[in-house]
1. Please work out the C-alpha center-to-center distance from the range 42-63 to the range 226-243 and express it in whole Å.
2. Using only the Cα atoms of the range 229-365, build the gyration tensor, take square roots of its eigenvalues as a ≥ b ≥ c, and label the shape rounded, prolate or oblate: rounded if a/c is under 1.5, else prolate if a/b is larger than b/c, else oblate.
3. I'd like to know how the range 291-334 sits against the 2.2 N^0.38 Å rule of thumb: what's its Cα Rg over that expected value?
4. Could you name the aspartates and glutamates in cross-link range of Lys99, using Cα to Cα under 15 Å and dropping any fewer than eight places away on the same chain?
5. Tell me the carbon and sulfur percent of the accessible area for the range 83-187, rounded to whole percent, probe radius 1.4 Å.
6. If the chain between Arg45 and Leu255 were fully stretched, how many nm would it gain, using 0.36 nm times the residue separation less the Cα-Cα distance?
7. Using a Förster distance of 35 Å, how high is the FRET efficiency between Arg161 and Val8, based on the Cβ-Cβ distance and rounded to 0.05?
8. Please find the FRET efficiency linking Trp361 to Phe449, where r is the Cβ-Cβ separation and R0 is fixed at 22 Å, and quote it to the nearest 0.05.
Amino acid sequence: LVFGAPIVVFAIQAALLRDTEYGLAVSSVVAALFYAVGASSLYRRKGPQVRLLVECYLALAVAFAVIAVPLAFDGRWTSAAWALQGAALAWIGIRQSRKLATLASTGLILFSGLVFVFEPWHSGEGLPLLNSSVLGGLLISLSALFVARRLDLPDGQALGRGFSVAAAILFGWGVLWWFGTAFNEIDAWLTNGDAELHVSLLAGATSMVLALWLSQRMAWSRLFLVTLLLLPAIAYLALDEAQLNVHYLFALGWLAWPAVWLVQGAVLHRVDQDRPALAPVWHVLSALLLAAMVALEAYWRLNDALSSAWGWLGAAVVLGLAVQLIGQLGARTLWPVRAHPEHYRSTMDFLVLSLVVGAAWLALERPGDPTPLTYLPLINPFDGVMVLAGFLAIQGLRRYPAGQRPDTLLFGVVDTRFVGLLLAGGFLLITSAAVVRAVHHLAGVPWAFNALFDSVVVQSALAIYWGLLGFIGMIWGAKNGSRQLWVVGAGFMALVVLKLFLVDLGGTGTIARIISFIGIGALLTVVGYFAPAPPSARKTG
């Protein structure tokens, strides 16, 4: 009777005053005053004996006062009023441990949202944020969150397990209406897609800050879960912008993206405290995503200013700086590396391996045009990427003692020796491609596989380069007594001989073949005389 009568009467009042401007708003204010005066009068005359009825009247007074605001703009009152009445009904039902009333309030709030959906959005009418669409949507959201919070408290939990499910549903409903209302309002007022995205980012970051603060102040763990949505949202929006090939910091991006990442840092700090099992994964994913976004921003900036080759160099430098920054934070035991040192070491390994793989892909796929500069061997953007990748790879391997298999390396999946072999193969691939690229730029050989493969200059340059690697490896191995290094050098010399048989001499005559064999044989003879194979470890023992 207490809550049902106002709903029925107000519905009749809406029918009577539907053609009267601000009629419902005035009626709502009168109803609010009526229940406020009634609550005050009852409390003075009866005191604690009717405390529950006084509280109900006060709740109705507040509800009618709140909905008077959206009613002053237009007649979209029904959904908001139902949501507030549902919140009031749930409040009294939980206090009195009445399951039916609480269940009815849950249904009323859900139904109010469904009715609101079928009403057209104001589409820019009225004032930004101060209009019936926004205030109505927020009232539905806050009503659902209020009831969800009450059900999470001991009084609500005493109603049974089924109401825990209702709390989760209402919580999700409230969060959905909160963000849905915000994003719909932004879409209604902003026609520029770039500005809309960045304002949405700022709205989302502000909402996450509010959720962090309230979840800690109210000790409501369910509200903290909302903040975990920020990282997937960042990943989705960053990928969407990357596909559009636009700068992250264009328009209002210079403000929105840094603000979002500052909030994500605060979220990570809370995750360390409240979700320690989830914290390592969240830290690693955040670090990788941030490094990737900054690297892409550097690529786009340099690509626009110079060329794509310089863009790739800028991206590689960013990844290298990320590795160094993580290392410095770890050396100084600063947060966040201090909280998860092993996982950040895995992050460093992953970044280095990604850089090496990326350098290998660039070496095979792109010619590396250094425009606006002329091409110079070793002094060009692509060779800079390769040198940086090699330096970081060597530095990364030095972090682990020889023969040790760290559990943190690439999340414990890959053995250090395998990574070393992979890096050695990458070095050969990258440097050989650098030789081919130098021939492409300096000798004018087209950057196409058939043209490069059939080029005598390319084949000769590779033979000379591999022969030098073999010569240096065998001499160095013999001088230092390293049989392993000597064998590697001998492998390069064997590769040169095999290439001579299968490729270089395929279309040449007998005299050229004899001269080539004599030259290679003479080189092997000289190396064998001055750099004999060191004894194996077994013989030395």
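The values are calculated or read from the model by the stated rules, or taken from the named source; none is laboratory data. The structure displayed is predicted, hence computed values, not measured ones. Counting neighbours? That spans all protein chains shown, and the Cβs are built from the backbone with ideal geometry, glycine included. Note: areas computed on protein heavy atoms with side chains; ligands, DNA, RNA excluded. Shrake-Rupley method; radii C 1.70, N 1.55, O 1.52, S 1.80 Å.
1. 48 Å
2. The shape class here is oblate.
3. 1.33
4. Asp152, Asp155
5. Answer for the range 83-187: carbon and sulfur cover 69 percent of the accessible area.
6. Length gained between Arg45 and Leu255: 69.8 nm.
7. E(calc), rounded to 0.05, equals 0.55.
8. Efficiency, from the Cβ-Cβ distance: 0.90.
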